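Input: a single structure, listed below in structure tokens.
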């Protein structure tokens, strides 16, 4: 990967921000969170602590900011960072609607510029978890967390990438890409729904990276589409996602020597 993924992805999300306004408004208004492309209920995945009173939390790649809103509702002091000014404009507007006190920061989750050891909890749902280089943003997350702090992130399962055709059409049951040495994919010039540059690793690649950085794995979930799901979401058909894991959730804890 040699292209400037930060500039590419900022441009993609600036252009697409208007299409996420209604989605963001719906998710901000939920009493309990829904997770991922298929709207999994919170009681199944539990990405957030039930009680966040007194915790300093950060969302890495916040988009319209609904996850930050959920954390604020649970009592956390929340900081949210995103590289798209247009996405942040939506997030700030919705935070005002819901009276949520959130510090929004325009910046790159790979290099936030925020003080080290400032947070008890960090999260990314389809933000830094797929649009930033794993070896960079995870080290930044580790730096931001206090000892024993937790990082939770949700993103695409590597199998969904292996089964994605090179032209960007919905994934199928054919292995289109090598699993070995996986790094992600450049979707900027594909035929179907071009977007940006995303990142992923093999399961052993993720595990090795966590160990190198200093994260301990506390839990890992492979996520499928619900039984009643239909259609295509995120270029993945429901028929595929009911049989193969479409998303993954990592629960990590910062270790210190």
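No value in this document is a laboratory result; all are computed from the given coordinates. Because the structure is predicted, anything quoted here is derived from the model rather than measured. In this analysis, Cβ positions are derived from the backbone assuming ideal geometry, glycine residues included, and neighbour counts consider all displayed protein chains.
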Compute the separation of the alpha-carbon centres of the range 21-85 and the range 145-206 and state it in Å as a whole number. 22
Taking only DSSP H segments of four or more residues, each worth -39500 (n - 2.57), what value at 222 nm results for the chain once the sum is divided by all its residues, to the nearest 500 deg cm²/dmol? -8500 deg cm²/dmol
Normalising by the residue count of the chain, find the relative contact order in percent from Cα pairs under 8 Å and 6+ residues apart. 18
Please report, to two decimal places, log10 I(q)/I(0) for the range 34-148 at q = 0.13, 0.19, 0.20, 0.24 Å⁻¹ as given by the Debye formula with identical point scatterers on the Cα atoms and no solvent. -0.45, -1.01, -1.13, -1.54
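Report the rotationally averaged projected area of the range 178-257 based on its alpha-carbon convex hull, in square nanometres. Write down the numbers at each step before the final one.
On the way: hull surface 27.7 nm².
So the Cα hull casts an average projection of 6.9 nm².
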If you bin every alpha carbon distance in the range 110-197 into 10 Å steps from zero, what whole percent lands in each bin? 15, 40, 26, 16, 3
Only counting other Cβ atoms within 10 Å, I'd like 210, 192, 215 sorted with the fewest neighbours first. 192, 210, 215
What distance in nm separates the simple spin-label points at residue 117 and residue 29, each placed 7 Å from Cα in the Cβ direction? 4.4
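Starting with the fewest neighbours, write out 138, 175 ranked by other beta-carbon atoms found within 10 Å of each beta-carbon. Intermediate values should be presented prior to the final figure.
Working: 138 27, 175 10.
By the 10 Å Cβ count, ascending: 175, 138.
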Students often get this wrong: which residues of the range 105-120 have the backbone nitrogen under 20 Å from the point 7 angstrom along Cα-to-C-beta of residue 188? 107-111
Using the alpha carbon gyration tensor of the chain, what are the three equivalent-ellipsoid semi-axes (square root of 5 times each eigenvalue), largest first, in whole Å? 26, 21, 19
Distance between modelled label sites at residue 208 and residue 136, nm, 7 Å Cα→Cβ extension: 2.1
Size of the range 1-71 along its principal axes in angstrom, Cα-based, largest extent first? 41, 26, 20
Just the number, please: Stokes-Einstein D of the range 143-189 in µm²/s, Kirkwood Rh from C-alpha pairs, 25 °C, 0.890 mPa s. 189
